[in-house]
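Here the structure is laid out as structure tokens; the discussion comes afterwards.
The values are calculated or read from the model by the stated rules, or taken from the named source; none is laboratory data. In this text the structure is predicted, and so the values were computed from the model without any measurement. Glycine also receives a Cβ, built like all others from the backbone with ideal geometry; neighbour counts cover every protein chain displayed.
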Amino acid sequence: MDKDSIVEIGYILYDTDNSNYTNFYSTLVWGKDYVYPKEVQEINGISEALCKKKGVSPVEIFNHMNQVFQECDVVVAHNGLNFDRPLLYNRMSELRFFPIKRPWIDTRLDIEYDSKYTSKRLGHLAIDHGIINPMPHRAVFDAYASLMLLLKYDVRSLAVNATYPLIKIGVSPCYADNERVRNLRYFWDRDAKMWCKYIRQNSLEKELGLVQLDHKVLETGDEI
């Protein structure tokens, strides 16, 4: 299995109607065909020996996660649309699981942060919002930090927004506009040779009003 094997699952169930937690869950995961790079162990502090000793099987955890998805109206993760969701869904599919689909709120992508927050890394945003994450890069603690970020914004509006598919738009500004486009959170895509941004489809008109440049829709769909 490749280096993006899932070695830890952590989540928090939160009831927005009652503004309270209903479950905290964390477990290590280990499969017989796992390869666990040392550089990953250095980031999260979880040794291969510990995963082998305490980890549950992918089959067991994927069964469990589908039960969790049944309880949820929406899933929340930081950078979840780019990393967590495709990784989880792909690994589940490899073992012939069909993940129960729910809208995902990505606290990196979906929240319109004030321009004073210059970094969109979870650790930086947590500090900027007065959130303490005692164990960064551990699953349940990162889940907690993402939830705390979410709760500082309009949860219901973000949940509705998450039902719309993602699109990737590209613009080609003149040199004088580069700084303005960068400040609007566009990134340079070397392959497309354009300044690009991922947005929800329902916010396209608003985005074009802000960027005020000719655009191309480069990708569209729920799974990009």
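For region 162-195, the candidate set comprises residues that are more than 24 Å from the chain's Cα centre (by Cα) and among the small types (Gly, Ala, Ser); within that set, the residue that is surrounded by the most Cβ atoms within 10 Å (Cβ to Cβ) is SER172. Look at region 129-142 and say how many of its residues are buried (at least 17 other Cβ atoms within 10 Å of the Cβ) and either farther than 23 Å from GLU42 by Cβ or outside the structural domain of ARG85 (by TED's automatic domain parsing) (or both). Result for region 129-142: 1. Contact list please: Cβ distance under 7 Å, first residue in region 15-28 and in a loop (DSSP other than H, G, I, E, B), second residue surrounded by 13 or more Cβ atoms within 10 Å (Cβ to Cβ) and of a type in the set (A, V, I, L, M), pairs at least six apart or on different chains. Close Cβ pairs satisfying both conditions: THR16/VAL155. When HIS78 is tested against (1) surrounded by fewer than 16 Cβ atoms within 10 Å (Cβ to Cβ); (2) within 22 Å of THR22 (Cβ to Cβ), just one condition goes unmet, and that condition is (1). May I ask you to verify whether VAL68 is surrounded by 16 or more Cβ atoms within 10 Å (Cβ to Cβ) and either within 16 Å of the chain's Cα centre (by Cα) or free of Cβ contacts under 8 Å to residues at least 12 places away in the same chain (or both)? Judged against the criteria, VAL68 is not a match. If you filter region 25-45 down to residues that are exposed (fewer than 15 other Cβ atoms within 10 Å of the Cβ) and of a type in the set (Val, Ile, Thr), you find that the one that is farthest from GLY123 (Cα to Cα) is VAL35.
For the residues LYS197, LYS120, the requirement of being in a loop (DSSP other than H, G, I, E, B) and under 21 Å from TRP104 (Cα atoms) singles out LYS120. Filtered by the rule that a residue be under 22 Å from PRO99 (Cβ atoms) and surrounded by 14 or more Cβ atoms within 10 Å (Cβ to Cβ), region 46-62 gives GLY55, VAL56, PRO58, ILE61, PHE62.
Of the residues making up region 53-75, at least one is touching a Phe, Trp or Tyr at 6+ places or on another chain (Cβ under 6 Å), over 28 Å from ALA162 (Cβ atoms) and in the same structural domain as VAL155 (by TED's automatic domain parsing). In this entry, LEU13 passes the filter for residues that are closer than 30 Å to TYR153 by Cα, in contact with a Cys (Cβ under 8 Å, 6 or more places away or on another chain) and surrounded by 12 or more Cβ atoms within 10 Å (Cβ to Cβ).
The test for being surrounded by fewer than 17 Cβ atoms within 10 Å (Cβ to Cβ), among the hydrophobic types (A, V, I, L, M, F, W, C) and under 19 Å from the mean Cα position of the chain (by Cα) does not hold for LEU147. Condition test on ASP110, is it in contact with a strand residue (DSSP E or B) (Cβ under 8 Å, 6 or more places away or on another chain) and assigned to a loop (DSSP other than H, G, I, E, B)? For ASP110, the condition - in contact with a strand residue (DSSP E or B) (Cβ under 8 Å, 6 or more places away or on another chain) and assigned to a loop (DSSP other than H, G, I, E, B) - is met. Looking at region 55-69, is at least one residue assigned to a helix (DSSP H, G or I), more than 30 Å from ARG156 (Cα to Cα) and at pLDDT below 95? So far as region 55-69 goes, no, none of its residues is assigned to a helix (DSSP H, G or I), more than 30 Å from ARG156 (Cα to Cα) and at pLDDT below 95.
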